[in-house]
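This report concerns only the one structure given below.
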Amino acid sequence: MTNRDLSLVFAIAISPLISAQFEVPFRCGTGEMHHVSAEVTSDPLLPERIAQANTALEEFTDSFVEEGSRGGGGYVIPIVFHIVHNNGPENITDAQIIDAVRILNEDYNKQNPDWDNVRAEFLGIVADVGIQFRLAAKDPSGNCTTGITRTVSSLTNEGSSAMKALIHWPRNKYLNVWVAASADGSAGYTYRPATAQWLPNEDGIVLQHTYTGSIGTGAAGRSRALTHEVGHWFNLAHTWGDTNDPGVAGNCGQGDGVSDTPTTIGWTTCNLIGATCGSVIDNVENYMEYSYCSKMFTAGQGTRMVAALNNSTAQRNELWQTSNLINTGVNGNAPLCAARFTSTTEVICAGGTVQFTDASYHNVSIWNWTFPGGEPTSSTEQDPLVTYSIAGTYPVTLSVSNGSNVLSTTTDALVVVAGDPGQAPPLVEGFESAEQVGDISWAVENPDQDNTFSITNASAYTGSKSIRIQNSTAMAGRNDELFTPTMDMSAATDIAISFRFAYARRTAVDDDRLRIYVSNNCGDTWSLRKQLRGATDLVTGGTTTSIFVPNSGDQWGFAEITTISDAYHVPDFRVRFNFESDGGNHLYIDDVNINGLPVGLEEMFTNNSSVMVVVPNPATESAQVVMNIATSGKANIDMVDMLGRTVRELHTGDLSPGLRTMDLPIDELPAGLYFVRMQQNGRIEAVRFVVQ
C-alpha cells in the first residue's frame, strides 16, 4: 500500500512503563514539535519547507531502484553516543553502549536469533536491510575516540533540544544518539528526514538510558527501542501509519508507504493471529509495531530505508561514502590511541583468580601483560586469566601494539590478595598508621572511579585519622565498597563487630545508606548484617548544606553487630562496608573492632587484672560494658547510681576468664552519673559512665 499523507514530523515517545509481561503499550507522540528548539518552530515557513522536502523524498522513494544486491552490512554508518549525565545511573557503561550497537546490527542484518520464528506468512520477506553501524573511531577534529562521549549536565533530566545543543557532531558524518536520564518526557524520540532537513543541529535520536541495550540499566524487553527509532530516522512510519494511537479503527485509512506491510490498526500486544483492516493477517512482529514481540523488517521497509540513504534529504547519503568512513575511522584505519583494561575483581583471597579484559583501542594486534605475584607472571593473550597464591598487593601492566606503535599502562596496587587463612583476631583499626587503605591491607572498590572511601585527617573519633567518603548530590546512586582483610575466626566462640560513624544530611530528605556485610568464604558471597539509613539512624550531625566535618565526640555514633552465627567461624572471614549515596553529606568511619577492644584502650587489659570500659561514654540511647575477666568465679554485676543504689541487675553467676561484652539498659534512665560494678572473689571493681 502507498499513502503520501505521511506525518511531516515524527517525535517518538516510548512509555517508560513497559513491564516484563509487556502489558503497557508504547506511547508515540506524532508531530510533537515541542521537542524542537523555539527559534526553529517560530519560523512561519517551516511547515511549508517540511512539506516540500517530504514530497520530494516520497517521489524519490517511489521511483528508487536498488542497484546490486543488498545485505551483509553493505552500508556502513558511523554512529556516536553522547551520554549526558549528572553522575547518576544514566552515566551508563561503555559495555551497555556496545551491547546496544550489537542489537542494532543484528536487527538490521537479519542476524537477530529469533528472526526465523516469525509467522510463516512473513518468513519469506524478512529483510536483511544491509546497514551496519560502527562506533566512530575519529571525532570531527580527527582525534581518536571510542565513539562514546560523556558530558556532565543537569539537562540530562530534560533530554530536550537544549541538552542536544551541549554536544552535537556533524550529521553528515555521524548518526548522533544522545543517552540521558530523560528524553523530554519520553523514552526516546527522533525526526524523519523531511523534518530533520531543517534541524541540522538537532538531527539524531534521544534515548532514555533504560531503553539503551539489554544490560546494565537496560533490559531485553526495552532493547529494541533504538532499532525502532533508527527506523524512523531512516524514514519509516509505523505499520499502521502516522497516528499517535495504535489500535484505533480509523488507522485503517492510514498507510506507511510500504507495499508488503498489511494495512493494520496497530498492536500493543503480541497477538500473532491478529488480522485487522481486511488483511489476512497483520505483521504484528514488525519492528515498527508496539507489539513487544518485534523480530523483523519487511523487504519493502528495507528498500524504503535504503532509498533514504541514497537521497540528499538531511544528508543521509553522505554518511556511508568512502571518504566519510575514512574520516570517521570506521573503515579499519583508526589509529592506536589507548592502552586500557578491566578486571573482574580487585580483591581476592590467596589462590583466587582474576579475569583481565583488554579494552584498548584501536586495531590492537599484539598484547604484552605483566603480573607480578601472579601465575602466569606474563601473557600475550588478549584476555588472560591469572591466579594469585600469596597475600599482598600487586600492580598490573599492559602494553599493546598495532604492529608499528606501542602504548603501555600500569595500574599500581590493582590486585589485593587477602590471606587464607587470614590474620588472627582481634582486628582493632583506627587508621592512624596508614596514608592509604592498602597500607593496612584493607581494600576499596570504586566502580564509578569517582569519590570513594579514603583515609582522612579531617576528623576522627580517636586519634587524628578516620575513613571518609566525600558524598555529594552528584554521587546519588553510587555504590562504594570498603573491605577488611581476611581474619581467621575458625577458633571463635562469638563474633562481634563494632565501629564509630559520623554522617550529616544535606537536605531533610536524604536517605544515604551504610550497609555492613559479612562473608564466610573470603568474599565469594556476602550476607547483610546491619543497615544504617540517613532517614532514620545514620544521622549523627544533623542537616547541613555545608561540608560536614564532625567536630566533637557527640557528633559520632556507635554501632555493634553480634548477630553472626557459628557458620562464620571460618579461616577466611571478611567484613564489607557498602555505602549507597542518596546525594547527602560526608560519611566517616573510625575505631573498627572485630572481637577486639576500643582503639586506645587495649593497653588497659592485662593478664592479671580485671578492667571494665563503657562505650560510648557519655551514652545517650545505648551503651555496652566491655570487661576483661582475669579469673574465674561467681560474679555479681550491676548498675548503681551516685548514691550506691542498684538501678539494674546485670549478671549473677559464674564467669570464666576472657573478654566479655554486655549491653547496658540505659534507655529509661534519667540523665546523670552511674557506675557498672562487678563483685567477684571478694574484689569489687567499678567503672563510671554518664547518661546524657
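Below 10 angstrom from the Cβ of ALA308, what's the summed charge of the other residues (Lys, Arg +1; Asp, Glu -1)?
+3
Would you mind ranking SER466, SER365, SER343 so that the residue whose beta carbon has the fewest other beta carbons within 10 Å leads the list?
SER365, SER343, SER466
From the list (1) 109, 58, 48; (2) 99, 77, 70; (3) 78, 63, 55, can you say which value of Cα extents along the principal axes in Å was derived from the structure given?
Of the listed options (1) 109, 58, 48; (2) 99, 77, 70; (3) 78, 63, 55, (1) comes from this structure.
Applying 1/(1 + (r/R0)^6) with R0 = 30 Å to the Cβ-Cβ distance of SER214 and GLU435, what FRET efficiency is obtained, to the nearest 0.05?
0.10
Once you sort the root eigenvalues of the Cα gyration tensor of the range 224-353 as a ≥ b ≥ c, which label holds: rounded (a/c under 1.5), prolate (a/b larger than b/c) or oblate (the other case)?
Since a/c reaches 1.5 but b/c is at least a/b, the shape of the range 224-353 is classed as oblate.
Hey, rough spin-label estimate for ALA424 and LEU659, points 7 angstrom out along Cα→Cβ, what's it come to in nanometres?
A separation of 1.3 nm, rounded to one decimal place.
Would you list, by chain and number, the lysines whose Cα falls below 21 Å from the Cα of LYS173, excluding same-chain residues fewer than 8 positions away?
Output for LYS173: LYS138, LYS164.
Within a 10 angstrom radius of the beta carbon, how do THR370, THR261 rank from fewest other beta carbons to most?
Lowest count first: THR370, THR261.
For the chain, what relative contact order do you get, as a whole percent, if you take Cα pairs closer than 8 Å and at least 6 residues apart?
9
Could you work out [θ]222 nm for the chain from helices alone, using -39500 (n - 2.57) per DSSP H run of at least four and dividing by all its residues? Round to the nearest 500 deg cm²/dmol.
Taking each H run of at least 4 residues, the total per residue is -3000 deg cm²/dmol.
Is there a quick way to get the dipole size of the range 427-594? I mean about its Cα centre, with the Cβ of Lys and Arg at +1 and of Asp and Glu at -1; what is the value in debye to the nearest 20?
So the dipole magnitude of the range 427-594 works out to roughly 380 debye.
With a cap of 14 neighbouring Cβ atoms within 10 Å, and only residues DSSP puts in a loop, list the GluC sites (Glu not before Pro) found in the range 402-443.
Those that pass, being in a loop and sparsely packed, are GLU435.
Taking the simple approach of a point 7 Å from Cα along Cα-to-Cβ for both ASP450 and SER141, what is their distance in nm?
Using points 7 Å along Cα→Cβ, the separation is 2.5 nm.
May I ask you to derive the relative contact order of the range 605-691, considering only C-alpha pairs under 8 Å and at least 6 residues apart, and to give it as an integer percent?
Relative contact order, the range 605-691: 33 percent.
May I ask for the distance between the Cα centers of the range 420-476 and the range 57-121, given as a whole number of Å?
About 45 Å separates the Cα centre of the range 420-476 from the one of the range 57-121.
Once you have the Cα-Cα distance between ASP43 and THR563, take 0.36 nm times their residue separation minus that, and quote the gain in nm to one decimal.
180.3 nm
Which of the aspartates and glutamates could a cross-linker span from LYS465 if the Cα-Cα distance has to be under 12 Å and same-chain partners fewer than 8 positions apart are dropped?
Result set, ordered by chain and number: GLU429, GLU432, GLU435, ASP590, ASP591.
Any idea what diffusion coefficient the range 338-404 gets from Stokes-Einstein, in µm²/s, Kirkwood Rh on alpha carbon pairs, 25 °C, 0.890 mPa s?
200
Summing +1 for each Lys or Arg and -1 for each Asp or Glu, what net charge is found among the other residues whose Cβ lies under 11 Å from the Cβ of THR263?
So the environment of THR263 carries a net charge of -2.
Give me the number: length gained by fully extending ASP62 to GLN382, i.e. 0.36 nm times residue separation minus the C-alpha to C-alpha distance, one decimal in nm.
110.3 nm
Long-range amide H contacts for ILE79: which residues qualify at under 5 Å (H placed 1.01 Å from N, peptide plane, sequence gap of 5 or more or a different chain)?
Those qualifying (amide H under 5 Å, at least 5 residues apart or on another chain) are ARG134, LEU135, ALA136, LEU175.
Count charges around THR646 for me, please; just the other residues with Cβ under 14 Å from its Cβ, Lys/Arg as +1, Asp/Glu as -1.
Residues near THR646 contribute 0 overall.
Once fully extended, how much extra length lies between THR269 and GLN321, figured as 0.36 nm per residue of separation less the alpha-carbon to alpha-carbon distance?
Computed gain between THR269 and GLN321 is 14.8 nm.
The chain: longest stretch without exposed trypsin sites (Lys or Arg not before Pro) (DSSP loop, at most 12 other Cβ within 10 Å), sites themselves excluded?
5-644
Taking the Cα centre as origin and putting +1 on Lys and Arg beta-carbons and -1 on Asp and Glu beta-carbons, what dipole magnitude results for the chain, to the nearest 20 debye?
The calculation lands at about 480 debye.
Given the peptides 125-132, 347-354, arrange them by the average over their residues of other C-beta atoms within 10 Å, most packed first.
So the peptides 125-132, 347-354, ranked by packing, come out 125-132, 347-354.
Report the paramagnetic label zone for ALA458: residues of the range 527-554 whose backbone N is under 17 Å from a point 7 Å from Cα along the Cα-to-Cβ axis.
Label zone hits: 539-553.
7 Å from Cα along Cα→Cβ at both GLU106 and ASN310: what's the point-to-point distance in nm?
About 3.0 nm, to one decimal.
How would you classify the range 192-282 from its alpha-carbon gyration tensor, with a ≥ b ≥ c the square roots of the eigenvalues: rounded for a/c under 1.5, else prolate if a/b is greater than b/c, otherwise oblate?
oblate
In whole Å, how far is the Cα centre of the range 310-379 from that of the range 562-589?
First find each Cα centre; the distance between them is then 36 Å.
Laboratory data are not the source of any read-out in this text; all were calculated from the coordinates shown. Computed from a predicted structure; not experimentally measured. A quick note on method: Cβ atoms are made from the backbone with ideal geometry, for glycine too, and the neighbour counts reach across all protein chains shown.
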